[in-house]
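Single-structure report; data block below.
What follows draws every value from the coordinates through simple rules; no lab data is involved. Values in this document were obtained by computation on a predicted structure and should not be read as measured data. Quick reminder, even Gly has a Cβ in these numbers, built from the backbone with ideal geometry, and neighbours come from all protein chains shown.
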Amino acid sequence: MTDDRLHALIAAYGADPAFWPEDERAAAEAHLAADAGRFAAALEEARALDLAFAEADIPDAPSGLAARILAEAPQAARPGASWAGRLGDILFPNGLRWPAGATAAALVMGLTAGVFTAPATADDGYQTASEDLVYGALGYGGFDAYVEEVSG
């Protein structure tokens, strides 16, 4: 038993050795008896705290409180659920309401941004409809084919 461990026992369990862990009690009492003066301040503080706890009126918990807490607590996994169901419970603990709403909002914002910010397609004026048909049949793009034809 060390001084630090005995201080920890006093701080955690109080001044009364009857409340200390059984497997350490004998060693702690022997260490305390060897030099009680080193632990007098810690014991006095622990006795004051023990007295305050003893005098405190601790109300009883309402009946059924534990059952209500357990009923409202999230379930770790549904019994008999597949691995996909358990993964869904982990990823979406509140159901699919929030992700579905976020997805719908993102879709609406994306479509709106795409429609209102898309540049208008302008006719470059270099090709006629028949040229577009020929270039398209040959596999050339419209303006690139014209640049190749002019520079070539």
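Please name whichever of ALA8, ALA27, ALA41 sits farthest to the positive end of the charge dipole of region 1-80, dipole taken about the Cα centre and charges placed at Cβ: Lys and Arg +1, Asp and Glu -1. Looking along the dipole axis, the top candidate is ALA8. In this label model, SER63 and LEU111 are separated by 5.7 nm, measuring between points 7 Å along each Cα→Cβ vector. Cβ-Cβ distance of GLU72 and THR103, R₀ of 22 Å, FRET efficiency by 1/(1 + (r/R0)^6): the value works out to about 0.20.
Note on SER82 and ALA34: the model spin-label points, each 7 Å out from Cα along the C-beta direction, lie 6.5 nm apart.
With a Förster radius of 25 Å applied to the beta-carbon distance between ARG47 and ALA8, the computed FRET efficiency rounds to 0.90.
Among 5-13, 55-63, 41-49, 103-111, sorting by the average number of other beta carbon atoms lying within 10 angstrom of each residue, highest first, gives 5-13, 41-49, 103-111, 55-63. With R₀ fixed at 25 Å, the C-beta to C-beta distance from SER130 to VAL150 puts the FRET efficiency at about 0.90.
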